[in-house]
Amino acid sequence: MDAVRHFLGVVGIVTYPPALLFWFVVHPWVRLWRRLGPAGTYFVMVPVLASLGSLLFQVRARLLGADLGTNWPLVGVALVFYAVSISLEPTYRRQLRVTTLLGIPELSRPSRRNGTLLTDGVHRVVRHPRYLSVVIGVIGYALIVNYVGLYVVALAALPTLFVIAVLEERELIDRFGEEYRAYQREVPRFIPRLKKLREADRC
């Protein structure tokens, strides 16, 4: 189990920061990236992120920090987190195309962008089910790995994903205007309202 945890820790420490950095870089300067388009953006960003991942791998031991050992009660809690995260994913993946998950609409020029605002299913309960699923999954991942470095990554992911969600909403307002503003007023960003959960159960 120790070897598995170490392997998962290395994977997490190498992949999570570049993945978060991608969206943190794209959303604030989305108009600039649209000039390059999706292919151009990925052409620029993938080598940068791969280089960052390689650099993180070189210092993986230092970044992982102290090994807190295999803790089976924490693994049990982590499995609960994963069950919630996994239950969310099929719900929003049925609605979100792969192109949307890859950010193609955001990176496309206005004349080539399409799609409708998603307000059905899990999107009736929270505006960002994908980010909520990621947060829950990252916390579960850190509990299983149980290295100090992964807890730091998980804690850093929370404010980072919040900022990314806010930046993404600016782009959605730009695309959908008052329709999205009305949706913002009606549906919470991350934390479901009990009333909305009951309404979703009845649908």
Say whether the condition of being modelled with pLDDT of 80 or more and not in a loop (DSSP other than H, G, I, E, B) is met by at least one residue in segment 89-98.
-> no
Which helices (runs of 4 or more DSSP H) sit wholly inside segment 1-88 and have at least 1 residues that are farther than 22 Å from Ala156 by Cβ?
-> 2-26, 30-58
Among residues of segment 109-135, those that are modelled with pLDDT of 80 or more and either within 10 Å of the chain's Cα centre (by Cα) or polar (S, T, N, Q) (or both), counted = 9
Might you check whether a residue that is among the charged types (D, E, K, R), in a helix (DSSP H, G or I) and free of Cβ contacts under 8 Å to residues at least 60 places away in the same chain occurs anywhere in segment 158-168?
-> no
All but one of (1) under 19 Å from the mean Cα position of the chain (by Cα); (2) more than 24 Å from Ile191 (Cα to Cα); (3) at pLDDT below 95; (4) loosely packed, with under 13 Cβ neighbours inside 10 Å hold for Ala83, so report the exception by its number.
-> (2)
Could you give every pair whose Cβ atoms fall below 8 Å, whose first residue belongs to segment 38-51 and is without any contact (Cβ under 8 Å) to a residue 40 or more places away in the chain, and whose second residue is outside any helix (DSSP H, G or I) and among the hydrophobic types (A, V, I, L, M, F, W, C), counting only separations of at least 6 or pairs across chains?
-> none
Picking from Leu150, Leu155, Leu143, the residue that is aliphatic (A, V, I, L, M), over 23 Å from Val187 (Cα atoms), surrounded by fewer than 19 Cβ atoms within 10 Å (Cβ to Cβ) and modelled with pLDDT of 90 or more would be Leu155
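The values are calculated or read from the model by the stated rules, or taken from the named source; none is laboratory data. Note that the structure is a prediction, hence the values are computed from the model and not measured. Virtual Cβ from ideal backbone geometry, glycine too; neighbours counted across all protein chains shown.
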